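**Q** Let me give you the structure first, and then I'll get to my questions.
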Amino acid sequence: MSSISGSVTKTEAHQAAVTPIRSSLWRQALHRLRKNKLAMSGFIFIVFMLLACFAGPLFSPYADNKINPANMNAAPSLKHWLGTDMLGRDVLTRLLQAGRISLTVGIASMCISVILGSILGAVAAYYRGIVDQIIMRVADLLLTIPGLPILFIMGALLSEWKIPSEYRMYIVMLMLSFIGWPGLARLVRSQMLSIREREFMQAAIVLGLNDRRKLFNHMIPNIIPLLIVVATLSIGGAILSESVLSFFGLGVMPPTPTWGNMIDAANNLIDFEKHPWLWIPPGVAIFTTVIAINIFGDGLRDVLDPKQKK
Amino acid sequence: MSEPLLEVNHLKKYFPITSGLFNRTIGHVKAVDDISITLQQGETFGLVGESGSGKSTVGRTIIRLTDKTDGEVKFKGIDLYNVPEKELRKLRPKMQLIFQDPYSSLNPRVRVGDAIGEALINHGLAPKEEVRDRVLDVLDSCGLSSYHIDRFPHEFSGGQRQRIGIARALILDPDLIIADEPVSALDVSIQAQIINLFRKLQTTRGLTYLFISHDLSVVEHLCNRIGVMYLGTMMETASRDELFKNPLHPYTKALLSAVPIPVPRLKRERIVLKGDIPNPANPPAGCKFHTRCPFAADVCREQVPVFRHMGGDHYVACHLV
Ligand SMILES: Nc1ncnc2c1ncn2[C@@H]1O[C@H](COP(=O)(O)OP(=O)(O)OP(=O)(O)O)[C@@H](O)[C@H]1O
Ligand code: SF4
Ligand SMILES: [Mg+2]
């Protein structure tokens, strides 16, 4: 009892001194992310894919997609690195242009799902009662029905109504968000409810903080890391769903290219056996992009936990 | 005598026990069962009792962190259960709670400086450009360094975090501080430092404490009055010196005889409590302590003992004194 003093002990002071002077949680997370080789390779691949798809076609001499009947279904060569398709268009150029659409649809539908899901989840958690009941019943209903059949039905309706090809891309985004928001709403709601029970929220009450401050300074910052992870992972899912839908001719339609409808275009025995450059590149693009996104998302999950110390 | 800072009259808090599909209420946990406490400005009151005796619930009900079942709480003469939400929020800075767990009571994503200063800003109690200086001041009073201001809670030890929790309360210049076992989650070596900080702040700022602990030896160093709780009921209150010299209630005697520090002032018989604390959902009739009291008589099993004035500020609820 003789060591009693009002000041900090040596061990305490030491412990504080070893950590860097000013550190932000985000910077610490970034630092940890950089050390995660797998996640970084996923990230680099995604950046590469984005650059290739959005900038690549600018450097291609075939970007106008002119039909060339003299050069149909040509095998890969120095002029056409991935060959040409049945209309004589350059496959590589089309692959990158398709990537623009596929990635845009994936990212945009994720954004819409996240916004919709967060707002609805937060509203449900905040108001509880009947509002909560209605939102969550709808979400549960959508979650119990598997997503693809709903998408198929909606896609078939779009074809029935003869929606022009240039609009279908936007409608597919909305369709994907429609099946994407319930999972996010549920996640946001349960997170909000559990954060509200945490003791630091009780401390916020004792301090007399107002609702706005509680929500924006205490609750939301604790949800955002998880939301980032889930959002990232959901891009992969959306890209995959769009591909499946387009493959079955129910998503984005030609002439707007996507990876899914490129495979669909080669969906016959002759192309499958004789012209593999038509379907292998889009297949590989879908596969590698989705894997890269998932690897990166998993890495983010490991890194964004503030309690985790190296 | 001037108006007391805090007046708690016949406070009750029952938690419903629900079961089944429709959450039918099948009983009540009487966590707080008729507690009255009066605190004068500058007093330090220690509330002791075993785990589950309802100490935390008393503290939380006083500041309306949970709603009461019955009774009255007056803070500076204001009936806290009779003011609208908005008024209550304005009163809150003046009555602060220090939490038991310094880990969970700090938001992991808020910088220490912001955590301490935000209530000042939110209540408009200081101009924005002054807040940082005020935070630095209070960090210093709590034994923390100025470079801690931009750190996050996970970068601190348990003792330091508790200092942060104290600083967060202190910056609001509160009249009443309720400390709910603020040292029991800490290493023994750190405990004494935090207790000393509490004592220093009490003398320099004239704070009023309701200090909750399960350990008499902790409140002995800090409190000038002590109340002993058992199963939601106050068994004995007295000034510290009186309670340690002349404990009247068998339960108090038992707690005192378990205090590990040798007390040279007085030789007392060692009372070892048998059995466990009974289920608070189904407390014993009569004197709640009778199942474990070595002196229990028939009257104890039938009649609830009255909380009687024994002279001075000594009160006790026992048939045999
Ligand atoms: N929110 C709650 N809902 C139901 N019962 C509760 C709740 N909070 C406390 N209780 C019950 O009330 C009783 C008193 O609890 P309380 O936490 O006040 O005791 P305590 O003296 O602070 O104990 P400890 O030393 O363990 O902190 C316990 O039986 C507990 O189970
Ligand atoms: S009233 Fe009886 S049972 Fe209760 S403490 Fe006194 S002697 Fe023991
Ligand atoms: Mg407690």
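**Q** Restricting to the stretch B:216-231, and then to whatever is more than 14 Å from chain A (Cβ to nearest Cβ), away from ligand 3 (no atom under 16 Å from the Cβ) and not in a strand (DSSP E or B), can you tell me which residue is surrounded by the most Cβ atoms within 10 Å (Cβ to Cβ)?
**A** Per the stated criteria, the residue is B:223.
**Q** Follow-up. Considering only the stretch B:149-164, state which residues are more than 7 Å from chain A (Cβ to nearest Cβ) and assigned to a helix (DSSP H, G or I).
**A** Correct list: B:149, B:153, B:158, B:161, B:162, B:163, B:164.
**Q** Return a yes/no flag: does the stretch B:174-188 have any residue that is part of a helix (DSSP H, G or I), at pLDDT 90 or above and facing another protein chain (nearest Cβ under 10 Å).
**A** no
**Q** On the basis of being more than 10 Å from chain A (Cβ to nearest Cβ) and touching a helix residue (DSSP H, G or I) at 6+ places or on another chain (Cβ under 9 Å), does residue B:168 make the cut?
**A** no
**Q** Still on this structure, I have one more. Which of the following residues is surrounded by fewer than 20 Cβ atoms within 10 Å (Cβ to Cβ) and within 14 Å of ligand 1 (Cβ to nearest atom): B:46, B:52, B:77?
**A** Only one candidate passes the filter, namely B:52.
**Q** Can you find a residue in the stretch B:55-70 that is more than 16 Å from ligand 2 (Cβ to nearest atom), away from every other protein chain (no Cβ under 14 Å), surrounded by fewer than 19 Cβ atoms within 10 Å (Cβ to Cβ) and under 26 Å from residue B:306 (Cβ atoms)?
**A** Among the residues of the stretch B:55-70, at least one is more than 16 Å from ligand 2 (Cβ to nearest atom), away from every other protein chain (no Cβ under 14 Å), surrounded by fewer than 19 Cβ atoms within 10 Å (Cβ to Cβ) and under 26 Å from residue B:306 (Cβ atoms), which makes the answer yes.
**Q** Starting from the stretch B:41-57, keep only residues that are farther than 10 Å from residue B:227 by Cα, then list their pairs with residues that are outside any helix (DSSP H, G or I) and among the small types (Gly, Ala, Ser) whose Cβ atoms are within a distance under 7 Å, requiring at least 6 positions of separation or different chains.
**A** B:42/B:206; B:53/B:232; B:54/B:31; B:54/B:232; B:55/B:49; B:57/B:31
**Q** Taking the stretch B:80-99 as the search range and keeping residues that are under 28 Å from residue B:28 (Cβ atoms) and of a type in the set (A, V, I, L, M, F, W, C), which one is surrounded by the most Cβ atoms within 10 Å (Cβ to Cβ)?
**A** Among residues in the stretch B:80-99 that are under 28 Å from residue B:28 (Cβ atoms) and of a type in the set (A, V, I, L, M, F, W, C), the one surrounded by the most Cβ atoms within 10 Å (Cβ to Cβ) is B:97.
**Q** Further, regarding this structure: Quickly run through the stretch A:258-284 and pick out the residues that are aliphatic (A, V, I, L, M) and out of contact with any His (no Cβ under 8 Å at 6 or more places or on another chain).
**A** Once the filter is applied, which keeps residues that are aliphatic (A, V, I, L, M) and out of contact with any His (no Cβ under 8 Å at 6 or more places or on another chain), the stretch A:258-284 yields A:262, A:263, A:265, A:269, A:270, A:278, A:280, A:284.
**Q** While we're on this one: Take the conditions under 27 Å from residue B:221 (Cα atoms) and modelled with pLDDT under 95 and apply them to residue B:87. Does it pass?
**A** No: the conditions fail for residue B:87.
**Q** Now for a different question. Being over 22 Å from residue B:242 (Cα atoms) and assigned to a loop (DSSP other than H, G, I, E, B) is the filter here, so list the residues in the stretch B:296-317 that pass it.
**A** B:296, B:297, B:303, B:304 - these are the residues of the stretch B:296-317 that are over 22 Å from residue B:242 (Cα atoms) and assigned to a loop (DSSP other than H, G, I, E, B).
**Q** Let me ask something else. Looking at (1) buried (at least 20 other Cβ atoms within 10 Å of the Cβ); (2) part of a helix (DSSP H, G or I); (3) without any contact (Cβ under 8 Å) to a residue 60 or more places away in the chain, which is the only condition residue A:80 fails?
**A** Among (1) buried (at least 20 other Cβ atoms within 10 Å of the Cβ); (2) part of a helix (DSSP H, G or I); (3) without any contact (Cβ under 8 Å) to a residue 60 or more places away in the chain, the lone unmet condition for residue A:80 is (2).
**Q** Taking the stated definitions as given, is residue B:238 at pLDDT 90 or above and either of a type in the set (A, V, I, L, M, F, W, C) or not in a helix (DSSP H, G or I) (or both)?
**A** It is true that residue B:238 is at pLDDT 90 or above and either of a type in the set (A, V, I, L, M, F, W, C) or not in a helix (DSSP H, G or I) (or both).
**Q** Sticking with this one: Which condition from (1) away from chain B (no Cβ under 14 Å); (2) of a type in the set (Val, Ile, Thr); (3) within 30 Å of residue A:190 (Cβ to Cβ) is the one that residue A:223 breaks?
**A** Failed condition: (1).
**Q** Here's a follow-up. Looking at the stretch B:222-245, which of its residues are among the aromatic types (Phe, Trp, Tyr) and under 19 Å from residue B:289 (Cα atoms)?
**A** Residue satisfying the conditions is B:230 alone.
**Q** While we're looking at this one, here's another question. Tell me which of these residue B:102 doesn't satisfy, since it passes every other one: (1) touching a residue at least 40 places away in the same chain (Cβ under 8 Å); (2) more than 16 Å from ligand 3 (Cβ to nearest atom).
**A** (2) is the only condition that residue B:102 fails.
**Q** Looking only at the stretch A:154-167, how many residues end up being surrounded by 11 or more Cβ atoms within 10 Å (Cβ to Cβ), of a type outside the set (Ser, Thr, Tyr) and assigned to a helix (DSSP H, G or I)?
**A** Qualifying residue count, the stretch A:154-167: 6.
**Q** Separate question: Is at least one residue of the stretch B:197-215 free of Cβ contacts under 8 Å to residues at least 40 places away in the same chain and either within 16 Å of ligand 3 (Cβ to nearest atom) or acidic (Asp, Glu) (or both)?
**A** Taking every residue of the stretch B:197-215 in turn, none turns out to be free of Cβ contacts under 8 Å to residues at least 40 places away in the same chain and either within 16 Å of ligand 3 (Cβ to nearest atom) or acidic (Asp, Glu) (or both).
**Q** While we're looking at this one, here's another question. Taking residue B:46, is it away from every other protein chain (no Cβ under 14 Å) and either within 22 Å of the chain's Cα centre (by Cα) or over 25 Å from residue B:204 (Cα atoms) (or both)?
**A** yes
**Q** May I pose another question? List the number of the failed condition for residue B:207; all other conditions in (1) more than 13 Å from every other protein chain (Cβ to nearest Cβ); (2) touching a Pro at 6+ places or on another chain (Cβ under 8 Å); (3) more than 30 Å from residue B:89 (Cα to Cα) hold.
**A** With respect to (1) more than 13 Å from every other protein chain (Cβ to nearest Cβ); (2) touching a Pro at 6+ places or on another chain (Cβ under 8 Å); (3) more than 30 Å from residue B:89 (Cα to Cα), residue B:207 is out only on (3).
**Q** Go through the stretch B:298-312 and count every residue that is at pLDDT below 90 and surrounded by 13 or more Cβ atoms within 10 Å (Cβ to Cβ).
**A** Final tally of qualifying residues: 0.
**Q** Another question, if that's okay. Take the stretch B:93-131 and flag every residue that is more than 9 Å from every other protein chain (Cβ to nearest Cβ), touching a Gly at 6+ places or on another chain (Cβ under 9 Å) and within 13 Å of residue A:206 (Cα to Cα).
**A** B:98
**Q** Tell me which of these residue B:7 doesn't satisfy, since it passes every other one: (1) within 11 Å of ligand 1 (Cβ to nearest atom); (2) surrounded by 17 or more Cβ atoms within 10 Å (Cβ to Cβ).
**A** Evaluating residue B:7 over (1) within 11 Å of ligand 1 (Cβ to nearest atom); (2) surrounded by 17 or more Cβ atoms within 10 Å (Cβ to Cβ) leaves (1) as the failure.
**Q** Okay, next question. Residue under question is residue B:171, and the condition is that it be within 30 Å of residue B:39 (Cα to Cα) and touching a residue at least 60 places away in the same chain (Cβ under 8 Å); does it hold?
**A** No.
**Q** Out of all the residues in the stretch B:275-309, which are in contact with a strand residue (DSSP E or B) (Cβ under 7 Å, 6 or more places away or on another chain) and within 16 Å of ligand 1 (Cβ to nearest atom)?
**A** B:280, B:281, B:283, B:288, B:289
**Q** Take the residues in the stretch A:170-210 that are away from every other protein chain (no Cβ under 14 Å) and closer than 29 Å to residue B:172 by Cβ; name whichever of them is farthest from the chain's Cα centre (by Cα).
**A** A:193
**Q** With the structure loaded, tell me whether residue B:90 is in a helix (DSSP H, G or I) and either at the interface with chain A (Cβ under 9 Å from one of its Cβ atoms) or more than 15 Å from ligand 1 (Cβ to nearest atom) (or both) or whether it fails that test.
**A** yes
The values are calculated or read from the model by the stated rules, or taken from the named source; none is laboratory data. Just so you know, these numbers come straight off a predicted model, no measurement behind them. Methodologically, a virtual Cβ is constructed for each residue, glycine included, from the backbone with ideal geometry; neighbour enumeration extends over all protein chains shown.
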